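The values are calculated or read from the model by the stated rules, or taken from the named source; none is laboratory data. Since the model is a prediction, treat every value here as computed from it, not as a measurement. Heads up, the Cβs are rebuilt from the backbone with ideal geometry, glycines too, and the neighbour counts pull from every protein chain shown.
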Amino acid sequence: MRRLKSKGRVKTAPIQRGPNDLPRLPRGHYQDDAFIHWTLPTFDRATGWLTESFHARYRELMLHTSAREGLFCPAYCLMPDHIHLLWMGLRLDSDQLNGMAFFRTHLEPALAPAKFQHQAHDNVLRQPERKHNAFAKACFYIMENPVRAKLVAKPEEWKYSGAIVPGYPALHPLQPDFWEKLWRLYARFLQSDAGNIKRPPF
């Protein structure tokens with residue numbers, strides 16, 4: 001979907017929908033400084049694709065997507081039949097729908113013979129959920145998925161999780177000083193015009 005700029009603002013073209021598409025909010029909620037929890041299930045909950053080489057490819061493509069769309073990923077977790085990730089927009093022209101389309105297109109060959117479901121699921125965070133403590137809880141919820149699934153006893157034991165902040169490959173959301181570093185980096189890289197988009201309430 002195209003983005004049109006005019007006098008520092010992003011005009012949002014409407015989302016084209018098919019009869020089997022998941023419901024989406026108006027496009028502006030996926031742009032600019034949006035915080036969104038994405039879930040990518042595999043078709044028929046297919047398994048067998050989660051390996052260290054897949055994890056490496058995932059991180060590579062997350063870096064490319066982050067660079068294209070101006071995003072931080074403070075938390076992700078690869079599960080045997082789905083993926084969780086959380087993106088933070090950094091620019092007025094950041095567009096997570098475009099980013100997700102790019103990311104899924106280039107990552108899906110690494111799933112073969114498995115495939116992603118038709119669409120990713122999204123949870124756009126509202127303003128109270130963006131506050132530091134609430135946001136940290138959303139990230140910890142993602143990191144604790146393997147524990148809830150009884151795959152490990154502690155989140156630290158799961159090797160298919162982490163964060164993607166370009167230029168900082170060692171950052172991990174389970175580190176004691178992660179949140180101090182993340183919010184400092186977010187303040188540094190958030191562009192001055194981010195947050196100017198006009199969104200309808202939801």
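If we keep just the residues of the stretch 132-159 that are hydrophobic (A, V, I, L, M, F, W, C) and in contact with a His (Cβ under 7 Å, 6 or more places away or on another chain), which is nearest to residue 186 (Cα to Cα)? Spell out the reasoning first.
Filtering the stretch 132-159 for residues hydrophobic (A, V, I, L, M, F, W, C) gives 134-136, 138-140, 142-143, 147, 149, 151-153, 158.
If we keep only those that are in contact with a His (Cβ under 7 Å, 6 or more places away or on another chain) too, we end up with 138, 142.
Numbers: 138: 17, 142: 20 Å.
My answer is 138.
Residue count for the stretch 167-202 satisfying the condition of being within 30 Å of residue 48 (Cβ to Cβ) and not aliphatic (A, V, I, L, M): 3. Going by the structure shown, is residue 44 acidic (Asp, Glu) and outside any strand (DSSP E or B)? Taking the combined requirement at face value, the residue satisfies it. Looking for something over 25 Å from residue 157 (Cα atoms) and either modelled with pLDDT of 95 or more or under 10 Å from the mean Cα position of the chain (by Cα) (or both) - is there at least one such residue anywhere in the stretch 74-83? No, the conditions are met nowhere in the stretch 74-83. Within the stretch 162-202, the set of residues being free of Cβ contacts under 8 Å to residues at least 12 places away in the same chain and surrounded by 13 or more Cβ atoms within 10 Å (Cβ to Cβ) comprises 171, 172, 175. Tell me yes or no: at least one residue of the stretch 54-65 is surrounded by fewer than 18 Cβ atoms within 10 Å (Cβ to Cβ), in contact with a Pro (Cβ under 9 Å, 6 or more places away or on another chain), within 30 Å of residue 136 (Cβ to Cβ) and modelled with pLDDT under 95. No; the residues of the stretch 54-65 include none that is surrounded by fewer than 18 Cβ atoms within 10 Å (Cβ to Cβ), in contact with a Pro (Cβ under 9 Å, 6 or more places away or on another chain), within 30 Å of residue 136 (Cβ to Cβ) and modelled with pLDDT under 95.
Of everything listed in (1) in contact with an Asp or Glu (Cβ under 8 Å, 6 or more places away or on another chain); (2) surrounded by 15 or more Cβ atoms within 10 Å (Cβ to Cβ); (3) not polar (S, T, N, Q), the single unmet condition for residue 118 is (2). Flag not set for residue 194, criterion: more than 24 Å from residue 77 (Cα to Cα) and part of a helix (DSSP H, G or I). Among the residues here, residue 118 qualifies as within 24 Å of residue 48 (Cα to Cα) and modelled with pLDDT under 95.
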